[in-house]
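Just so you know, all these numbers are worked out from the coordinates, no wet-lab data involved. Treat the numbers as computed from the prediction; the structure is a model and nothing was measured. Cβ coordinates were reconstructed from backbone atoms using ideal geometry, including for glycine residues, and neighbour counts include every protein chain displayed.
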Amino acid sequence: MKNDVWFGGKQELPRPPIEIADEVELYARESGRHAKLHFVPHSGSSIGGTWLARFTLKVDDKRNVIYQEGRTEKPLTEDVWFHKPNPRSKEQGQPTYIQYKLEDLGVSGVRQFLERGNTWSGRGEFYSLEEQAQKAIKANEEMRGKHRAEQKELSRYEQREKRRSRLGIPILPVGVELGGDT
């Protein structure tokens, strides 16, 4: 990455471009919050990872009570990960998510990404976090059903192959006719 810094053989995490970090903070301030970009490295990789924007909660947010009562050491935050689901994630060795590069998104792309998921203004893809969670739960259930059906079909195929092998049923090419004269 362009912003990698080396000190004494140790690599620091990349820093976000200043104009993009400023845009994320300005976006958060529009709803009475603050935000900062963080880079989360992937385990076992040399500084490959995902960016996330960590938003503070509004002062009047009910979830702040937990922090104010001293039940947590740090104030609660909301994280927005800059990635999308990988449509090829079922293939072996494919990651579950595809990470966005901030440099590729640019300032306007980062803002569009944040607006798409904006539940505070009502202009985003979802009207609330609950709606977003319900959609994710439904999608997960559909994927589990699809996966079960695929596993069932695979099991049937394997059982047919075992039966054919045990009983000595030959595999015939498509062009061979078994019947008499036609």
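With the dipole of segment 128-167 worked out from charges on the C-beta (+1 for Lys and Arg, -1 for Asp and Glu) around the Cα centre, which of ALA139, SER155, SER165 lies farthest toward the positive end?
Result: SER165, furthest along the dipole toward the positive end.
Mind listing the phi-derived Karplus ³J(HN,Hα) values for segment 67-78, rounded to whole Hz, using 6.51, -1.76 and 1.60 with θ = phi - 60°, and x for any glycine or proline?
Per residue, the Karplus-derived 3J(HN,Hα) values read 6, 5, 7, x, 7, 10, 6, 10, x, 6, 9, 10 Hz.
At a 10 angstrom cut-off on C-beta neighbours, averaged per residue, how do the peptides 154-167, 96-109, 21-34 rank from highest to lowest?
21-34, 96-109, 154-167
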